[in-house]
Structure formats: structure tokens, C-alpha cells
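Every number in this text was worked out from the coordinates using simple rules, so none of it is lab data. This structure is a prediction, so every number in the text was calculated from the model and none was measured. Note: ideal-geometry Cβ built from the backbone for every residue, glycine included; neighbour counts use all protein chains shown.
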Amino acid sequence: MARDQFIKRNPLCIGCLAAFNDPVPTEVVDHVEPHKGDTAKFWNSELWQASCDWHHKTVKAQLEALYAQGRAKLADLWLNSPRAIKLSLLLKRQG
Ligand SMILES: [Zn+2]
């Protein structure tokens, strides 16, 4: 299955590596750009990223909300982007 192969090749959350230098297992294959049911986008593995549950629920959720409001760029939605790293550090401090 594509998802399992992706996790095998990308076993660690890219956000945790980038922001905390912490190897955390991939729990979610995140779609960088929200696919909203678009199957072409859904299966485009170029736009998949390895994420832990925490990054998916907190950092990515906030970035997607900003993106939907036109306040973030697609490049910001990568969990290892400068913006995502900044947000990760901020949210981690808040617990
Ligand atoms: Zn993470």
C-alpha cells in the first residue's frame, strides 16, 4: 500500500526533526495541501509529508487554517518550513 511504503521510506516526523532535532516516528501521512476530496491531489505523493500525531493536530491544523484565510503560502504548509518550525517551537512551549 502506498501509505505503508511512504512511512517505510519516511519513518520520522519531518517537523520534529526540523524544530526539535528529535526523531519521532511517523504516525500520519499528511497531505501538505488540503486535498478536499480531490483524488489527484490525494494520491500525489510529491505533496505528502511524514508527520507525528502532535504536528498533524496542532501545527498543521493552524497552518491550514491560515492557508484557508490566505494568510499562509503552500510552502509554509511543509512541517519543516521556517514558519512551521517557528509555530512548532511556540506551541510546544505552550504545552
Ligand atoms: Zn512531529
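Overview of values
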| quantity | calculated |
| --- | --- |
| When each of Lys36/Lys57; Lys60/Lys86; Lys8/Lys73; Lys57/Lys86; Lys8/Lys60 is checked by Cα-Cα distance, pairs over 19 Å | Lys8/Lys73; Lys8/Lys60 |
| Phi to ³J(HN,Hα) by Karplus 6.51 cos²θ - 1.76 cosθ + 1.60 over the range 42-57, Hz, x for Gly, Pro | 4, 8, 7, 5, 5, 10, 9, 9, 7, 9, 7, 4, 4, 4, 4, 7 |
| Given charges at beta-carbon only (K, R positive; D, E negative), |dipole| of the range 2-88 in Debye | 180 |
| Computed E for Glu33/Lys8 - FRET, C-beta separation, R0 22 angstrom, nearest 0.05 | 0.45 |
| Radius of gyration, Dmax [the range 2-88; alpha carbons; angstrom] | 12.1, 34 |
| Cβ-based charge dipole, the chain, positive-most Cα from Leu47, Ala61, Gln5 | Ala61 |
